[in-house]
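Notes for the one structure printed next.
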Amino acid sequence: MIVGAILTQNTAWSNVEKAIISLKKAKALSSPSKMKRAGVKRLSRLIKPAGFYNLKARRLANFLSFLSSKYDSSLDRLACLGTDRLQRELLSINGIGPETCDSILLYAFRRPVFVVDAYTKRVFSRLRLISGGADYDEIQAFFMRNLPQDFRLFNEYHALIVRHAKERCKKSPKCGGCPLGGAKADKNLPCK
């Protein structure tokens with residue numbers, strides 16, 4: 001999950017899946033220590049389908065170095081941290097920003113942290129539930145205030161937002177028959 005969160009930056013999930021298959025075939029996903037020993041050059045070759053592979057290999061290496069130096073390469077030890085501390089630790093790693101950090105918290109460590117991505121911004125600004133200029137923290141706070149703090153709910157809710165954005169609320173939206181049509185979308189934005 002952590003590898004996927006790092007590889008999915010600016011990349012379609014279908015390409016990340018190809019990179020993960022490549023890592024599995026090379027047995028590089030069997031342990032953090034084994035992946036670290038693979039080195040940046042080899043990781044770059046293995047994750048090439050994910051795009052930006054040299055940059056992402058360095059980001060993976062940064063995470064693996066952090067895990068090795070602070071937690072003896074143990075994800076279990078890292079998982080024992082409280083959510084706030086875990087978030088601070090992850091954000092301290094070069095190449096892990098808020099969205100990647102929160103994806104790791106939600107999907108890998110099952111913490112009730114709502115992930116905000118471009119799909120979330122697009123759908124909810126068109127529905128006028130958030131302002132188009134709202135930043136990551138403002139948008140996340142909106143969801144955290146208005147939903148029960150349940151990682152399963154956040155996981156499902158985020159998945160439904162992604163699905164809706166990919167099927168209907170695209171950059172050029174398909175507003176006709178939209179299941180959210182009863183909501184008043186912003187007339188100045190693509191939805192009618």
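Read the figures in this text as sums done on the coordinates, not as results from a lab. Quick caveat, the model's predicted, so the values are computed rather than measured. For neighbour counting, all protein chains shown are included, and Cβ atoms are generated from backbone atoms with ideal geometry for every residue, glycine included.
Contour minus end-to-end for D135 and S33, with contour as 0.36 nm per residue of separation and end-to-end as the Cα-Cα distance?
Difference between extended and current length: 33.1 nm.
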- line: With Cα coordinates, the longest principal axis of the chain makes an angle with the long axis of helix 32-46, in degrees rounded to 10, of 70
statement: Shape call for the stretch 26-138, from the Cα gyration tensor axes a ≥ b ≥ c (a/c under 1.5 means rounded, otherwise prolate when a/b beats b/c, else oblate), comes out oblate
statement: By the Kirkwood definition, with r running over pairs of different Cα atoms, the chain has a hydrodynamic radius in Å of 18.0
message: Can you tell me the orientation of helix 53-71 relative to the chain, as the angle in degrees between its alpha-carbon axis and the longest Cα principal axis, to the nearest 10?
response: 70
query: How would you rank C169, C80, going from fewest to most other Cβ atoms within 10 Å of each one's own Cβ?
result: C80, C169
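Give the shape of the stretch 56-115 as rounded, prolate or oblate, defined through the alpha-carbon gyration tensor: a ≥ b ≥ c are the square roots of its eigenvalues, a/c under 1.5 means rounded, and otherwise the shape is prolate if a/b is larger than b/c and oblate if not.
oblate
Charges at C-beta only: +1 for Lys and Arg, -1 for Asp and Glu. How large is the resulting dipole of the stretch 2-108 about its Cα centre, in Debye rounded to 20?
740
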message: Rounded, prolate or oblate, given the Cα gyration tensor of the stretch 127-170, with a/c below 1.5 counting as rounded?
response: oblate
statement: When D117, D135 are arranged by how many other beta-carbons sit within 10 Å of their Cβ, fewest first, they go D135, D117
message: For the chain, take the longest principal axis of its alpha carbons; what is the angle in degrees between that and the long axis of helix 151-167, to the nearest 10 within 0 to 90?
response: 70
field: Ellipticity estimate at 222 nm from DSSP helix runs (n ≥ 4, -39,500 (n - 2.57)) divided over the chain, nearest 500
entry: -17500 deg cm²/dmol
- request: Rank these for me by crowding, I21, I93, going from fewest to most other beta carbons within 10 Å.
  value: I21, I93
query: Under a Cβ-Cβ cut-off of 15 Å, what is the net charge of the residues other than K70 that fall near it, where Lys and Arg count +1 and Asp and Glu count -1?
result: +1
